Structures are given as C-alpha cells and as structure tokens.
Amino acid sequence: MIECKNITKIYKTGEIETVALACVTFTIKDGEFVAIMGPSGSGKSTLMHIIGCLDTPTGGEYLIDGHDVSKLSDDELADIRNRKIGFVFQSFNLLPRSSVLRNVALPLMYAGVEREKREEIAVSALNSSAFPEKFWRHLPNQLSGGMMQRVAIARALVNNPSLVLADEPTGNLDTKTGEIVLDTFQNLHARQGRTIVLITHEPYVAEHAERIITIRDGNIVEDNRNHNRRTANHDYEGN
C-alpha cells in the first residue's frame, strides 16, 4: 500500500538548510498496523505529513496504492487525502455545535453523498469505533476525551479510506482512556483488516502496533515486528 523510496525533506531558511528526513525507505503492506515512533525533532511529524499527503518530499518517491504522489499538485493531493486517507488527530477537531452523528457524517456531505445515505454510513462507522448509540445525539462538550477521540476515529472511517493515519491520538488523554482508544485501533485492525499508521513518541503507545518503525535525526534506526504486542481488553461503554 505505502512505499517510501529514499524520501528526503530539506527545509531552507535563507542560506541555512535543515535536513528533516534523509533517504528514508520502507514499505507498509495493506492491512498492517504500524507505529512510527521517535522523540521530538526526530522527523516523525515531517514523515507523517508526507504519508498523509499534507506535504511533498524534497527528493525520493512516495507511492500509495501503487501511484506516485510525491510530485502531485496541492489539488491532486487534496483529492488523494479525501479518497484514501482517514485522519485522527490529537486535538479531536470536532465541531462543537454539531451532534456526534453530524460530526461523523460531515466528510460525506462534502463528498456529495445524499442525506439518508450519509446517516447510514455514519452509523456504521460509529459502530466500528465501538461508540455507544445512546450518545449519538450528544454534543462534543457532553462527552469524555476518550469518547470524543472515538468519534474522531469514526469520522476517519466514513469514506472507507485505504489508510487510517493517527497522529499522537492519545496525547490529550490520561493513560487509562488512552488505552481504550488504542484498543479501538487494535480492534479495527483485527476485525476489519484496516491499515493503520500510528505516529507517537511514547513506547507504550507503539507497543499496541504489530510493527514498530523507529526514527531518529531523520533516519530510520529500527524497523521490527512487535513480538510483545499489547492486546485489546477494555469495555468501551461510556469511556
């Protein structure tokens, strides 16, 4: 699904060049759950922006579903994001005056899907993220942090993306609630075969993935199967 071939990213400020990524190469297969882990300044956020088609590399090739997207225009990148990538961010990014159901259905409205079909797909996505039905009409400020993040996960699923890309999804949550959100990703992977890329600086977060890529100073320093993977075991109701 994802191929990064000798990806470089160089930022220029006047005559000063900063190398954020240096010849990064890896492949992520369809259906994998991969964590990309590294400390602040390691290049993981830059890599996340390239994987998510939010930015383009200075050099190298980035292919998603076999198509080279490394040199596409902004409009073409936006089309790829809308069709192939579901984003989950640390800050949830929910509309405060819209219900859970409307928040999840919003990307479908932009895609021109008719109203009845939007609600049907949104309901399916909420069920996939194990979000309790009794809260579907609630506003975001009536929910806990963990529940808001699961709404964000459901919203990321409504366009049936090839890739779910989660950027520090537990960063605003306490440890217990974060575990519940991570269990949601594990269940999406195990039960639906979703391809998930999780960006984090926390080792215990990365341990929920089946493979961990570690990046430091713009280089991949480790790429290993996770043989000590944490397992999903939480009750989601009301959390």
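A short reminder: the numbers here are calculations on the coordinates, not readings from a lab. Because the structure is a prediction, the values reported are computed rather than measured. Neighbour counts run over all protein chains shown; Cβ positions are idealised from the backbone, glycine included.
Data table
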{"quantity": "Selection within the range 203-232 - in contact with a strand residue (DSSP E or B) (Cβ under 9 Å, 6 or more places away or on another chain) and either assigned to a helix (DSSP H, G or I) or within 22 Å of GLY86 (Cα to Cα) (or both)", "calculated": "PRO203, VAL205, ALA206, GLU207, HIS208, ALA209, GLU210, ARG211, ILE212, ILE213"}
{"quantity": "Extreme residue, surrounded by the most Cβ atoms within 10 Å (Cβ to Cβ), among residues of the range 75-127 that are assigned to a strand (DSSP E or B) and β-branched (Val, Ile, Thr)", "calculated": "VAL88"}
{"quantity": "ALA190 vs. criteria touching a residue at least 24 places away in the same chain (Cβ under 8 Å), closer than 17 Å to ASN82 by Cβ and part of a helix (DSSP H, G or I)", "calculated": "no"}
{"quantity": "Flag for ASN159 being touching a residue at least 40 places away in the same chain (Cβ under 8 Å), crowded, with 19+ Cβ neighbours inside 10 Å and in contact with a Pro (Cβ under 8 Å, 6 or more places away or on another chain)", "calculated": "yes"}
{"quantity": "Qualifying residue in the range 141-153 (condition: part of a helix (DSSP H, G or I), free of Cβ contacts under 8 Å to residues at least 60 places away in the same chain and either of a type in the set (Asp, Glu) or surrounded by 19 or more Cβ atoms within 10 Å (Cβ to Cβ) (or both))", "calculated": "yes"}
{"quantity": "LEU47 in contact (Cβ under 8 Å) with a residue 60 or more places away in the chain, touching a strand residue (DSSP E or B) at 6+ places or on another chain (Cβ under 7 Å) and part of a helix (DSSP H, G or I)", "calculated": "yes"}
{"quantity": "Any hit, the range 5-15, residues being surrounded by fewer than 18 Cβ atoms within 10 Å (Cβ to Cβ), free of Cβ contacts under 8 Å to residues at least 12 places away in the same chain and within 23 Å of HIS201 (Cβ to Cβ)", "calculated": "yes"}
